[in-house]
Amino acid sequence: MPNTYFIPILLIASLTLQSYAQFQSKATPVESISAKDGFKVELLFTVPKEKFGSWVNLCVDDKNRIIASDQFGGLYRFPAPEEGKNLDESKIEKVPANIRAANGLLWAFGGLYVAVNDYERKMDSGVYKLTDSNGDDKLDKVEKLRVMQARGDHGVHALILSPDKKSIYLITGNNTTPTEAQTSRVPRDWGEDHLLPRMPDGRGHNRGRLAPAGIIYKMSPDGKDWEIVSSGYRNIFDGGFNLDGELFTYDADMEYDFNTPWYRPTRICHATSGSMYGWRNGTGKRPEFYPDTLPASVNIGPGSPTGTTFGYGAKFPEKYQKAMYALDWSWGKIYAVHLQPDGSSYKGTKETFITGSPLPVADAIIHPGDGAMYFVIGGRKVQSGLYRVTYEGKEKTNPYIHKTQPGDLTVLRRKLETLHVGSNPKALELAWPHVDHSDRFVRWAALMSIQRLPVKQWSSQALKEKDHGKRANLLLSLAKASGIDPFHRTPTDPAVDSKMGRKIINSLLQIKWDRLETAEQLTLVRAYQVAMVRFGKPEKETAQKIVQQLDPKFPDESFEMNWLLCETLSFLEAPSVAQKGIALLMEAPTQEEQMEYARSLRTLKTGWNNKLRTHYFNWFLKASNYRGGASFSKFIEFIRNDAVASLSTQEKQDLSDLLKKKAESKSPAEIMAQAMAGRTFVKQWKFEKLSAATEKGLEGRNFQKGRKMFAAGGCFACHRFGNKGGMNGPDLTGSGGRYSPHDLLEQIMYPSKEINEQFVPTFVKMKNGDVHTGVVVNLNGDRVTLNTDLYNPNQRTSVVRAEIESMGPSPVSPMPPGLLNMMEKEEVMDLLAYVLSGGKPNHDFFQK
């Protein structure tokens, strides 16, 4: 997260005046915390801020004592309180070692390993080991193992013991300068690989931070041997191994990007050997369909990831012993993530395990002594507290015995991953057959086994590979291994081998589109992009051949393919891309899709006429009323600036009136009306009639019409669906698993009947009589910040906590009623089918 945490939920709305007063000096009371049925939450200790600071990390030492860290101070040690008792302050002892600002703690190899991330720069950030120098049971000796350069929240974080207990893994965010590592499982041919001009963050956040972004390292206990295991993260804070020995981490989103096509939610990532998760600054974040990144195991949503832990050893029901717990500071949640094998990797589901108002959860552990979960709230100098979670339900809590054997695909992936280290003369022979494997993680493991090898060993074979699917994948790797991204070129780098660039392009031209699976077609286009980034734009004749190969495929039925094709053909100045791209821009139902087409067309100079240009620049007037994260409007501005810069002198004269025209600011109601433009009132629908129609009326529906109605109803403005839409309402992607048609219809027609607690507006009455209404979006020290306009995330008011008289929830949903009254009955049925299908066109609801 950037310097301001985003908290788009009702943090304090449920607090009464009395409990709000308690909040000033005490940790969140358990009355304001909800847990899964059968689980009990106890507040064990309110941390005196002036004495112990604000705690952000927990671990257990070799005597099962808990060690906690103050984000801006030292370490504290205490025994786990007995059942039914709170933590006695007299039992807390300060660790005497001269250490501060710990963001990661691990007891291993006879001492306490500490990851220091010092915002105030009073101590070097990096990895330290604390030990007892004289046997008095006091940690007093400090050994500095590795100094690291880090800045702000995105620095040096968690330390994790390896499954074989022989090494330590270190989690780092993208503001940690990569440290020296003797080996790397990730090929170090870093690149931004933007085909079109780079567009960094609109507000300037981290615009100078380039690949490899956040890294997971493996280090020896003495801190001397380092290896890069995985990269491409934004701000991972913690991680953990499951009982299969597989590593998972919880990565941050970039809330400034909300409602842009390049926004990526917080997510659980399977950190396999050599994995790369595609974080890049600004518009360059790689979406999951890009072949040169990997998909998340679980997409969580907006938030601020902090600690994680698996439930092994907890006296919980088996389901919750096996769960991975992911803590979200800003939304005040602990998620239970249930991971299941999926091919050679995992997929999973999330559920809210614990949530509170406010509950800035920072870290959690399972205590090996009593089998309870302990978690701490704190950070950013907010009020801190220590809590315990136990199970009191009726299910059995027998220790989980892990008997699952890895599947064949997992065995294959792991075999290929052994090729990521050392030198194996049979590496090509072993990896080559799997470079086009249908399992993405197997395919990735095979490609990384080859990409790390000297190019001379495999380039000729890749260029001549007869299997076109294999060739597309290999040539993408070859472009990365043999070329240099301009943003990563150094004075000592050799000149780019232009002959290799031409060979790669010529080999790609020989690939037959129809011989490729859809994923391989995406890889082909992406391989062209990376080759042109790293070797430069091809000569005119070659560029025309690429256009001849790709232009007939554009537009495609899928947005993902159109994304890559529109970018590539625009870069090559294809004559038809302006007309095709503008048609897609005008027809796209979501602002994310529209924005992507607008971005791709911004530097195009060929194929325009005044009519197309007029459509294009009128879109910017329309888009000025779109809403998103803090950088959203700046991105629109950047795209328009580039579009204007691409105009000829004559075009600027012809369009001068339009270019001078100022956008009209519109209210949410006017925006909704614009979305429904051309539609008239149909009727005041009765709930009973529509509900009865859903019983047999959701068969044979029209997917595209349902999607169109979702956009026409303004649903994308507030609701996330897939990876598109707003953040002001519940994510509807998994509606089919939560609602029956009857229940979904009721939610739409009677939005205030039951308001999701995360999106209830809050009213705040000040002692001077002022009243503010909105949602709490930030806690920082003694201030509370509210977003006072749900349609504009940047409309904010900050108040001092001590000046608040009372806070409470609004009984009225921000969602307007009557949205279905401008739709015909069949359109309503298409809409319901679309939402309940999860946006999957192959769902049984739809005509085949």
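The values are calculated or read from the model by the stated rules, or taken from the named source; none is laboratory data. Bear in mind the structure is a predicted one, so any value in this text is a computation, not a measurement. Methodologically, a virtual Cβ is constructed for each residue, glycine included, from the backbone with ideal geometry; neighbour enumeration extends over all protein chains shown. The protein model used for the area step is the full one, side chains on, heavy atoms only, and it has no ligands, DNA or RNA in it. Shrake-Rupley method; radii C 1.70, N 1.55, O 1.52, S 1.80 Å.
Scanning the stretch 86-119 for residues that are part of a loop (DSSP other than H, G, I, E, B) and open to solvent by 70 Å² or more (accessible area, probe 1.4 Å) gives Asn86, Asp88, Pro96, Asn98, Phe109.
Counting only residues that are open to solvent by 20 Å² or more (accessible area, probe 1.4 Å), acidic (Asp, Glu) and under 20 Å from Arg599 (Cβ atoms), the stretch 540-571 holds 3 of them.
Output the residue which, of all residues in the stretch 264-279 that are touching a Phe, Trp or Tyr at 6+ places or on another chain (Cβ under 9 Å) and either in a loop (DSSP other than H, G, I, E, B) or on the phi > 0 side of the Ramachandran plot (or both), is modelled with the lowest pLDDT. It comes out as Arg264.
The lone criterion from (1) open to solvent by 30 Å² or more (accessible area, probe 1.4 Å); (2) not in a helix (DSSP H, G or I) left unmet by Ala574 is number (1).
For the condition under 30 Å from Asp436 (Cα atoms) and either among the acidic types (Asp, Glu) or part of a loop (DSSP other than H, G, I, E, B) (or both), Gln405 qualifies. Among what's in the stretch 365-390 and is at pLDDT below 95 and open to solvent by less than 10 Å² (accessible area, probe 1.4 Å), pick the residue that is nearest to the chain's Cα centre (by Cα). Out of the qualifying residues, it is Gly379. Under the condition of being buried (at least 19 other Cβ atoms within 10 Å of the Cβ) and at negative phi, the residues counted in the stretch 598-607 number 6.
Can you tell me which residue is most open to solvent (accessible area, probe 1.4 Å) among those in the stretch 415-444 that are part of a helix (DSSP H, G or I) and touching a residue at least 60 places away in the same chain (Cβ under 8 Å)? Residue satisfying both the conditions and the ranking: Arg440.
Within the stretch 35-85, being of a type in the set (S, T, N, Q) and either surrounded by fewer than 18 Cβ atoms within 10 Å (Cβ to Cβ) or over 23 Å from Tyr325 (Cβ atoms) (or both) holds for one residue alone: Asn64.
Taking the stretch 244-259 as the range and being modelled with pLDDT under 95, out of contact with any strand residue (DSSP E or B) (no Cβ under 8 Å at 6 or more places or on another chain) and either outside any loop (DSSP other than H, G, I, E, B) or not hydrophobic (A, V, I, L, M, F, W, C) (or both) as the test, the residues that pass are Glu255, Tyr256, Asp257.
Residues of the stretch 678-730 that are among the charged types (D, E, K, R), in a strand (DSSP E or B) and closer than 17 Å to Leu744 by Cβ: Arg701, Arg720. Specify the residue that is nearest to Phe441 (Cα to Cα); the eligible residues are those in the stretch 256-289 that are out of contact with any Asp or Glu (no Cβ under 8 Å at 6 or more places or on another chain) and of a type in the set (S, T, N, Q). In this case the residue turns out to be Ser275. Among residues of the stretch 140-161 that are on the phi < 0 side of the Ramachandran plot, those with a Cβ under 7 angstrom from a residue that is part of a strand (DSSP E or B) and among the basic types (Lys, Arg), sequence gap 6+ or separate chain, pair up as Glu143/Lys129; Leu145/Lys129. Modelled with pLDDT under 65 and polar (S, T, N, Q): is that true of Gln747 in this structure? No: the conditions fail for Gln747. Of everything listed in (1) open to solvent by 60 Å² or more (accessible area, probe 1.4 Å); (2) closer than 29 Å to Tyr263 by Cβ; (3) at pLDDT 90 or above; (4) acidic (Asp, Glu), the single unmet condition for Glu664 is (3).
Restricting the stretch 79-133 to residues that are among the hydroxyl-bearing types (Ser, Thr, Tyr) and over 31 Å from the mean Cα position of the chain (by Cα) leaves a set whose member that is farthest from Val156 (Cα to Cα) is Ser90. Only residues that are out of contact with any Lys or Arg (no Cβ under 7 Å at 6 or more places or on another chain) and either closer than 22 Å to Ala102 by Cβ or not small (Gly, Ala, Ser) (or both) were counted in the stretch 174-184, giving 6.
Every condition in (1) free of Cβ contacts under 8 Å to residues at least 60 places away in the same chain; (2) among the acidic types (Asp, Glu); (3) open to solvent by less than 20 Å² (accessible area, probe 1.4 Å) holds for Asp485 except the one numbered (1).
Checking the stated criteria, Arg198 turns out not to satisfy the condition of being of a type in the set (Lys, Arg), modelled with pLDDT of 95 or more and open to solvent by 40 Å² or more (accessible area, probe 1.4 Å).
Select from the stretch 445-463 the residues that are within 22 Å of Thr418 (Cβ to Cβ), open to solvent by 20 Å² or more (accessible area, probe 1.4 Å) and part of a helix (DSSP H, G or I) and list them in ascending order. Across the stretch 445-463, the qualifying residues are Val455, Gln457, Gln461. Among the criteria (1) assigned to a loop (DSSP other than H, G, I, E, B); (2) touching a strand residue (DSSP E or B) at 6+ places or on another chain (Cβ under 9 Å), the one Asp136 does not fulfil is (2).
Each row is one residue, and each column tells you yes or no for (1) of a type in the set (Asp, Glu); (2) farther than 29 Å from Tyr256 by Cβ; (3) not in a loop (DSSP other than H, G, I, E, B).
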residue	(1), (2), (3)
Lys165	no, yes, no
Ile171	no, no, yes
Ala181	no, yes, no
Leu195	no, no, no
Pro200	no, no, no
Arg203	no, no, no
Gly208	no, no, no
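Selection over the stretch 142-156 of residues that are open to solvent by 70 Å² or more (accessible area, probe 1.4 Å) and either part of a loop (DSSP other than H, G, I, E, B) or farther than 23 Å from Tyr119 by Cα (or both) gives a count of 2. Residues in the stretch 208-246 that are out of contact with any helix residue (DSSP H, G or I) (no Cβ under 7 Å at 6 or more places or on another chain), open to solvent by 30 Å² or more (accessible area, probe 1.4 Å) and closer than 21 Å to Thr490 by Cβ: Gly208, Arg209. Is there a residue in the stretch 176-191 that is closer than 30 Å to Thr568 by Cβ, open to solvent by less than 50 Å² (accessible area, probe 1.4 Å) and free of Cβ contacts under 8 Å to residues at least 24 places away in the same chain? Among the residues of the stretch 176-191, not one is closer than 30 Å to Thr568 by Cβ, open to solvent by less than 50 Å² (accessible area, probe 1.4 Å) and free of Cβ contacts under 8 Å to residues at least 24 places away in the same chain, which makes the answer no.
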